[in-house]
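The values are calculated or read from the model by the stated rules, or taken from the named source; none is laboratory data. Source: prediction; values computed, not measured. Methodologically, a virtual Cβ is constructed for each residue, glycine included, from the backbone with ideal geometry; neighbour enumeration extends over all protein chains shown.
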Amino acid sequence: MAAIANLVGSIVQSGRDFTLYPPKEVTRDPAVLKSEDIVVRLADTKWWLRLDDGHEELLTLPELIGLVHNLLGARRQLGDVKRRAKAKGSVSVGINFDAASLMTPESVRTLLGKVNLEGLTK
């Protein structure tokens, strides 16, 4: 959890972009991203994340789902703060996730649908 929180913080604070490379299980059969058994089929996969500064991370599916969930949450929180605040300053953004509740087929399909996967078209 701490590693994901640090990665989310780094991406949000620096405004970094990243490229996400899916595993061969996805590139060979992109239909897995819409399947009911997505979690089972991708459970043991590794996802390669490359930040625009060259930093790289290899993530498990639960780590990736936690990262995407929290990036979306952080962006939503920051958007709320920007709409309400007039002054500049620092903002604290909460990071949290319960991997078990996020690892449902519906949640995984939804969250993976929110990111661009290198080499796949939406």
* Residues L51, L120: which one is at pLDDT 70 or above, surrounded by fewer than 18 Cβ atoms within 10 Å (Cβ to Cβ), aliphatic (A, V, I, L, M) and within 16 Å of the chain's Cα centre (by Cα)? -> L51
* Only residues that are at pLDDT below 95, loosely packed, with under 13 Cβ neighbours inside 10 Å and over 19 Å from K114 (Cα atoms): list them for segment 10-42, please. => Q13, S14
* Quick check, is A74 more than 26 Å from D52 (Cα to Cα), in contact with a helix residue (DSSP H, G or I) (Cβ under 7 Å, 6 or more places away or on another chain) and modelled with pLDDT under 90? -> no
* Structure fact -> If we ask which residues in segment 93-114 are modelled with pLDDT of 95 or more, surrounded by fewer than 16 Cβ atoms within 10 Å (Cβ to Cβ) and either β-branched (V, I, T) or in contact with a Gly (Cβ under 7 Å, 6 or more places away or on another chain) (or both), their number turns out to be 2
